[in-house]
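Each value in this text was obtained by applying a stated rule to the coordinates, not by laboratory testing. Remember, predicted model here, so these are calculated numbers, not experimental data. With ideal geometry, Cβ positions are generated from the backbone for all residues, glycine too; neighbour counts draw on all protein chains shown.
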Amino acid sequence: MLKHNPVDFTTALSAKLASRSRHVCVFLGAGSAQACGLPSVDQLQKEVVSALEPGDQEVFQRQIKERNLEEALTRIRRIAALVRGEETFDGLTQKKAKDLDTAVCKAIVEKLDIQNANVMPFYQFAAWTARADYNLPVEIFTVNYDLLLETALDQSHVPYFDGFVGTIRAGFHTELVEGRIGSDRKSIPAFFIRLWKMHGSVNWLWQEDKQIIRLGHPITEGTAAIFPSDTKYEESRRVPFVVLQDRFRRALHEPETLVLISGYSFRDYHLNDIIFDAALHCPRSEFQVLCYSDIPEVLADKALTTPNLQVVNGDEAIIGGVRAGWAPPKDLPPGLWIEDKFSLRDFSGLAAHLARSVTRESEFEIRLRDLFENIIAKPDDGGSKNDNA
């Protein structure tokens, strides 16, 4: 029976990452944050409901019934856009809907506090970005709201651009996001990592004028810009989200792009379509999907007919359209096989491998080692595992 070789897969991945001419994109889902101790999507939903005041909790329970957290937020915002004055829909007036939106987003911000998180995997990921030397900038896309990436990049002194310009109340600059790399004088230098938060962030604030700004800390007053509003009645509220989603589509269609996907459950069908379309129409690009647990059926179906879409988890892989288990490991490099599972399935394992994959020495090594020592000195909070949520 055919078996895939984990050493061959890892060696091939390292070779692809070593090419300076590559355009490298990384797409991170909630599983990457869960690997650091933050709640999974389902767990976050439960914790947010529990954190609401009793009155809000009852109303929100109706909105979230048979929906996920983001779908419930979308419904609340639709109601706020459609009703006027004292009109009600599903027990919500316009004011009550807006207040509930604010309360839910506040609860999300509180539950995604990274103060007690294990940021080690993101420091390792930042180590890789700091030393990766590509002709084109590394682009990181994420649907996560937390500040794990920003914290690791900041503390590791890695320059990055997230679409916003400014320090106190940074504004979003569409022209800098949409500009082609090196095509005009307005483009950001290639050594700046691109960080694109497609579903908003705990430090994005919706202002009264409906514009979104980025603060230097999680939102404590007002409504955090978490998850895009789909209402056409307030088009300005959608600007960063629409622009970043379009950036995702264009980045994946760049020739000979290497896309690493980790911690994403493939529950967002719109983003799935963008990924699958790029894999289909860009045969010289390669898409490597690392699943913590079972391979989602919608992903497996595509991978079986799309050779440049490779999917792996702890027990099996779909490589070149062939689905098979891993061959029994022999003489595996340290850290690639943990608890009888292929370790790159977990964002922690992927980040560690990326950090090891670039050997060029730099001053960054000293800063990274200091950060690791500080983390190790902290009491262990029990660790965490992610389920590719």
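For the chain, DSSP calls about 40 percent of its internal beta bridges antiparallel. What angle, in degrees between 0 and 90 and rounded to the nearest 10, separates the Cα long axis of helix 69-82 from the longest principal axis of the Cα atoms of the chain? The helix 69-82 is inclined about 30 degrees to the chain. Which residues does the label zone of residue 250 cover in the stretch 135-179, counting backbone N under 11 Å from a point 7 Å along Cα→Cβ? The answer is 174-179, whose backbone nitrogens lie closer than 11 Å to the label point. Measure nothing but the geometry: give the 0 to 90° angle between the long axis through the Cα atoms of 41-51 and the longest principal axis through the Cα atoms of the chain, rounded to 10°. For helix 41-51, the angle is close to 30 degrees. In terms of other Cβ atoms within 10 Å, 120, 198 run from fewest to most in the order 120, 198. Each Lys or Arg adds one and each Asp or Glu subtracts one; over the other residues with Cβ under 13 Å from the Cβ of residue 342, this totals -3. Charge tally for residue 205 (other residues, Cβ to Cβ under 9 Å; Lys, Arg +1; Asp, Glu -1): +1. Taking the number of Cβ atoms within 10 Å of each Cβ as an exposure proxy, the fewest-first ranking of 77, 62, 356 is 62, 356, 77. Compared with the direct C-alpha span, the chain from residue 21 to residue 294 gains 95.0 nm at full extension, assuming 0.36 nm per residue.
Each of residue 180 and residue 330 was given a label point 7 Å from its Cα along the Cα-to-Cβ line. The distance between the two points is 5.0 nm. Extension gain for the segment residue 357 to residue 341, taken as residue separation times 0.36 nm less the Cα-Cα distance, is 3.7 nm to one decimal. For the chain, the longest principal axis of the Cα atoms and the long axis of helix 347-357 meet at an angle of about 50 degrees.
In terms of distances greater than 32 angstrom between alpha carbons, the cross-link table entries 111/330; 16/210; 65/197 yield 111/330; 16/210.
Residues 193, 213 in ascending order of nearby Cβ atoms (within 10 Å, fewest first): 213, 193. A cut-off of 5 Å between modelled amide H atoms, ignoring neighbours fewer than 5 places along the same chain, links residue 258 with 23, 24, 25, 286. Fully extending the segment from residue 157 to residue 221, taken as 0.36 nm per residue of separation minus the present Cα-Cα distance, adds 20.2 nm.
Run lengths n ≥ 4 of DSSP H only: what is the helix-derived mean residue ellipticity at 222 nm for the chain, with -39500 (n - 2.57) per run over all residues, to the nearest 500? Using -39500 (n - 2.57) per qualifying helix, the result is -12000 deg cm²/dmol. Each peptide in 101-114, 3-16 receives the mean, over its residues, of other Cβ atoms within 10 Å, and ordering these scores from highest gives 101-114, 3-16.
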